[in-house]
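The values are calculated or read from the model by the stated rules, or taken from the named source; none is laboratory data. Small disclaimer: the values here were computed from a predicted structure and weren't measured. Glycine also receives a Cβ, built like all others from the backbone with ideal geometry; neighbour counts cover every protein chain displayed.
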Amino acid sequence: MELLLYILGFTFLGSIASLIGGLVLLSRRELVGKISHYLYSFAAGVLLGTAFFDLLPEAFEEVEHLAEEGVIVETNIFLWTFIGIIIFFFLVRFLHWFHHHDEHFKDEPKQTVPLIVVGDTVHNFIDGLIIAASFFVSIPLGIATAIAVAIHEIPQEIGDFAILIKKGMSKRKIIQINLFSAGASMVGALIMFSLGESVESMLPMFLALTAGFFIYIATADLIPEIHKEDNQKVAFIEAMLLVVGASVVYGLAMVLESLNLHG
């Protein structure tokens with residue numbers, strides 16, 4: 001029971017901490033409205049950085065870790081990343097088909113919101129699995145992992161809030177969506193606690209799938225929006241912000257790895 005309380009407590013704290021950056025954006029909504037197209041570029045960079053500098057390396061490391069423990073894991077990371085991209089492709093096609101037959105949604109922009117919600121929810125679910133798994137090793141490692149998750153989630157949440165703000169979503173709705181998404185980490189933690197090592201062997205697959213989700217959102221939805229900008233000066237700044245977004249994730253991943261805090 002004590003271990004479960006540790007797992008749920010620190011998973012909850014990690015989820016709340018990761019929302020701080022987004023809540024700061026909501027408090028300055030007018031300013032964000034003026035710079036939302038720049039934040040769009042930053043969001044694309046963060047998603048790509050998270051996929052290539054965080055999720056995929058973590059997936060490979062998890063396979064090696066399980067192999068060291070004698071667990072046979074036949075997981076093709078690149079295959080599951082590809083499957084993640086394809087899943088989102090068909091999801092988008094379905095959404096476009098659905099809205100094409102519904103006059104109410106005829107003029108709606110590209111369906112970024114459901115993609116963000118699904119991708120972020122799956123990512124948070126995996127975070128819950130990882131935090132719970134680390135507590136099985138030791139309580140100090142579990143606490144360190146929860147802190148690491150909170151830190152590396154902050155830039156991603158900023159990007160997600162920026163996208164939802166740009167789509168014109170209300171402050172209350174944005175908070176509700178993100179709380180729902182964050183709640184998935186609690187579900188993941190509970191599942192890991194209940195099933196233990198049997199779920200841990202599936203972590204590489206979940207990580208690769210999420211990487212595929214994020215790659216699709218960034219390349220098929222966000223980057224095309226960036227390319228619509230005709231002003232050369234603005235376009236250059238947007239391009240640099242994409243690089244900055246990816247660099248922030250890369251930097252955080254390197255720092256956390258050097259401190260042995262990366263979960």
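Structure values in brief
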{"quantity": "Pairs with Cβ under 9 Å, 6+ apart, first in the range 162-186 and buried (at least 21 other Cβ atoms within 10 Å of the Cβ), second modelled with pLDDT under 75 and not in a helix (DSSP H, G or I)", "calculated": "N178/L19; A182/L19"}
{"quantity": "Selection from the range 191-215 of residues that are surrounded by fewer than 23 Cβ atoms within 10 Å (Cβ to Cβ) and hydroxyl-bearing (S, T, Y)", "calculated": "S194, S198, S201"}
{"quantity": "The one condition in (1) farther than 17 Å from G119 by Cβ; (2) touching a residue at least 24 places away in the same chain (Cβ under 8 Å) that M205 fails to fulfil", "calculated": "(1)"}
{"quantity": "Odd one out for S198 among (1) out of contact with any Pro (no Cβ under 9 Å at 6 or more places or on another chain); (2) closer than 22 Å to L91 by Cβ", "calculated": "(2)"}
{"quantity": "Lone unmet requirement of (1) in a helix (DSSP H, G or I); (2) at pLDDT below 80 for M169", "calculated": "(1)"}
{"quantity": "Set I147, I177, I217: member being part of a helix (DSSP H, G or I) and either touching a Lys or Arg at 6+ places or on another chain (Cβ under 6 Å) or over 29 Å from I83 (Cβ atoms) (or both)", "calculated": "I147"}
{"quantity": "Condition met for F206 (under 22 Å from E64 (Cβ atoms) and either at pLDDT below 80 or in a helix (DSSP H, G or I) (or both))", "calculated": "yes"}
{"quantity": "Members of the range 64-78 that are without any contact (Cβ under 8 Å) to a residue 60 or more places away in the chain and either assigned to a helix (DSSP H, G or I) or buried (at least 18 other Cβ atoms within 10 Å of the Cβ) (or both)", "calculated": "E64, H65, A67, E68"}
{"quantity": "Residue identified as more than 28 Å from K233 (Cα to Cα), modelled with pLDDT of 75 or more, more than 22 Å from the chain's Cα centre (by Cα) and of a type outside the set (S, T, Y) among L8, L79, L3", "calculated": "L3"}
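Yes/no per residue for (1) touching a Gly at 6+ places or on another chain (Cβ under 9 Å); (2) of a type in the set (S, T, N, Q):
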| position | (1), (2) |
| --- | --- |
| A146 | yes, no |
| D160 | yes, no |
| I163 | no, no |
| M169 | no, no |
| L190 | yes, no |
| S198 | no, yes |
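To keep it simple, each residue is scored yes or no on (1) in a helix (DSSP H, G or I); (2) without any contact (Cβ under 8 Å) to a residue 12 or more places away in the chain; (3) not aromatic (F, W, Y).
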position: S194; (1), (2), (3): yes, yes, yes
position: A211; (1), (2), (3): yes, no, yes
position: L222; (1), (2), (3): yes, no, yes
position: K228; (1), (2), (3): no, yes, yes
position: E238; (1), (2), (3): yes, no, yes
position: M254; (1), (2), (3): yes, yes, yes
